[in-house]
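S.K.: Here it is, the structure in full.
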Amino acid sequence: LQVCHNRRISRHKVFEGLAARGKTSVDWFFGFKLHLVVNELGQLLNVTLTPGNIDDRKPVPDLLHELFGKIFGDRAYVCEKLASQLLQDFGIQFFAKPRRNMKNKLMLLHDKLLSRKRSIIETINDQLKNISQIEHSRHRSPVNFCVNVLCGLIAYCHQPNKPSLQMEWLLSQTA
């Protein structure tokens, strides 16, 4: 969540000491990272907000401490140490598309098919930014920013049609 344009970072005073410069796959930004955990129905299970310079893998154990099952993440969350920690501590199987310099691992067919559906989280992020309007670059106070993000998350939760997985095909195979 970008809080100001890159040209204004040196003059920006509102989030001084709170926001930080971070890097996405596209470009550098000044602001925060919103980490989401979503179930197969598109419902938010857990959310956390970190400064832009925090490693994406750092908040994962706190996000997942009360969950179980399988988690599908993007390449930013790939780490063998994190995957083994999640399996050992919480019983969570972690799947992520390997980075270019990593070897592929064998996985079950339905896990492979589910990992292809990870794009749903990108759709949810897009809806949060464009429909719920949680990102804009002219906040006048940190409290206003937090209220805006929280209201956007609440507005998303009340949407009647959320992006979701059509899980009937998987449930019919396992039953």
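S.K.: Once the whole set of protein chains is in place, how much accessible area is left on Lys129, using a 1.4 Å probe, in Å² to the nearest 10?
M.R.: Roughly 90 Å² of Lys129 is accessible to a 1.4 Å probe.
S.K.: Taking 37 °C and 0.692 mPa s as the conditions, I'd like the Stokes-Einstein D for the stretch 2-164 in µm²/s, using the Kirkwood hydrodynamic radius from alpha carbon pairs. Walk me through the numbers on the way to the answer.
M.R.: Details: Rh = 17.2 Å.
Result for D is 191 µm²/s.
S.K.: Taking a 20 Å limit on the Cα-Cα distance, which of the listed pairs Lys13/Lys129; Lys23/Lys70; Lys33/Lys58; Lys23/Lys129; Lys33/Lys81 fall beyond it?
M.R.: Values: Lys13/Lys129 23 Å; Lys23/Lys70 27 Å; Lys33/Lys58 12 Å; Lys23/Lys129 18 Å; Lys33/Lys81 22 Å.
The answer is Lys13/Lys129; Lys23/Lys70; Lys33/Lys81.
The values are calculated or read from the model by the stated rules, or taken from the named source; none is laboratory data. In this text, all values refer to a predicted model and were calculated from it rather than measured experimentally. Keep in mind that these areas ignore ligands, DNA and RNA; they rest on the heavy atoms of the full protein, side chains included. Shrake-Rupley method; radii C 1.70, N 1.55, O 1.52, S 1.80 Å.
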